[in-house]
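As structure tokens, the structure follows; a few thoughts come after it.
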Amino acid sequence: DVKVTQSSRYLVKRTGEKVFLECVQDMDHENMFWYRQDPGLGLRLIYFSYDVKMKEKGDIPEGYSVSREKKERFSLILESASTNQTSMYLCASTPPRGPLHFGNGTRLTVT
Amino acid sequence: AQTVTQSQPEMSVQEAETVTLSCTYDTSESDYYLFWYKQPPSRQMILVIRQEAYKQQNATENRFSVNFQKAAKSFSLKISDSQLGDAAMYFCAYRSALNTGNQFYFGTGTSLTVIP
């Protein structure tokens, strides 16, 4: 079974802090994704990566950046956390033409 | 861009009964993939079922089956013999089969309550 691991299940950070959300997958998938999930808005794509060091903006990239230095790891970075970034963050990976495999989510609270 | 619509924000079903969750999508492509995901309170998104557009046969996985109507661009999920553990948020998703089809498009979800 594919395993996608997000490093933290809950995080509480202060406004202005730099925040790193880490995601690791163990199936050698080329494609990795970061989504944000908010009630009533569904899943919104922040960034995705289709190869090492390659990335593309999704629908809501403002305030976020990403890093993919190794194939198995995809990091989401909040350069200066703000309260409107309080949300659930989901990482996922997928092979070509396959389904998304999700991590179990990180609930981030910015105070 | 493709859009996916789930018109039922909330649904409920009696335990052991059958419920159908609706999903429609808009695309100009002829080859694509459709998925249903379940998200229980534990937050883990779980793949329930997948359908490849070029296959006419409706996919089934145990108590879960789909009604795929390609011309109508409809992809509903039927849950038979509903169980308490089926209570969750359900998301419909679309993926292009093109080589550049890296993006997934999600509906806004349907919250399913199972009544004992």
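The values are calculated or read from the model by the stated rules, or taken from the named source; none is laboratory data. These numbers come from a predicted model, not from an experiment. Don't worry about glycine lacking a Cβ; one is built from the backbone with ideal geometry, like all the others, and counts go over all protein chains shown.
Within region B:85-116, being more than 18 Å from B:E52 (Cβ to Cβ) and touching an Asp or Glu at 6+ places or on another chain (Cβ under 6 Å) holds for B:S111, B:V114, B:P116.
Of all residues in region B:1-41, those being of a type in the set (A, V, I, L, M) and more than 12 Å from the chain's Cα centre (by Cα) number 5. The number of residues in region B:57-102 being in contact (Cβ under 8 Å) with a residue 12 or more places away in the chain, more than 16 Å from B:P41 (Cβ to Cβ) and not in a strand (DSSP E or B) comes to 10.
Suppose we keep only residues that are in contact with a strand residue (DSSP E or B) (Cβ under 6 Å, 6 or more places away or on another chain) and in a loop (DSSP other than H, G, I, E, B) within region A:84-103. Which one would you say is modelled with the highest pLDDT?
Step one: of region A:84-103, the residues in contact with a strand residue (DSSP E or B) (Cβ under 6 Å, 6 or more places away or on another chain) are A:85-94, A:99-103.
Subsequent filtering for residues that are in a loop (DSSP other than H, G, I, E, B) retains A:86, A:99-100, A:103.
Numbers: A:T86: 98, A:P99: 92, A:L100: 93, A:G103: 95.
Only one residue fits best here, namely A:T86.
Scanning region B:103-116 for residues being in a loop (DSSP other than H, G, I, E, B), within 14 Å of chain A (Cβ to nearest Cβ) and surrounded by fewer than 19 Cβ atoms within 10 Å (Cβ to Cβ) gives a total of 2. Residues in region A:84-111 that are under 12 Å from A:Q25 (Cα atoms) and surrounded by 16 or more Cβ atoms within 10 Å (Cβ to Cβ): 8 in all. Taking the criterion of being at pLDDT 95 or above, within 14 Å of chain A (Cβ to nearest Cβ) and surrounded by 20 or more Cβ atoms within 10 Å (Cβ to Cβ), would at least one residue in region B:80-88 satisfy it? Yes, some residue in region B:80-88 is at pLDDT 95 or above, within 14 Å of chain A (Cβ to nearest Cβ) and surrounded by 20 or more Cβ atoms within 10 Å (Cβ to Cβ).
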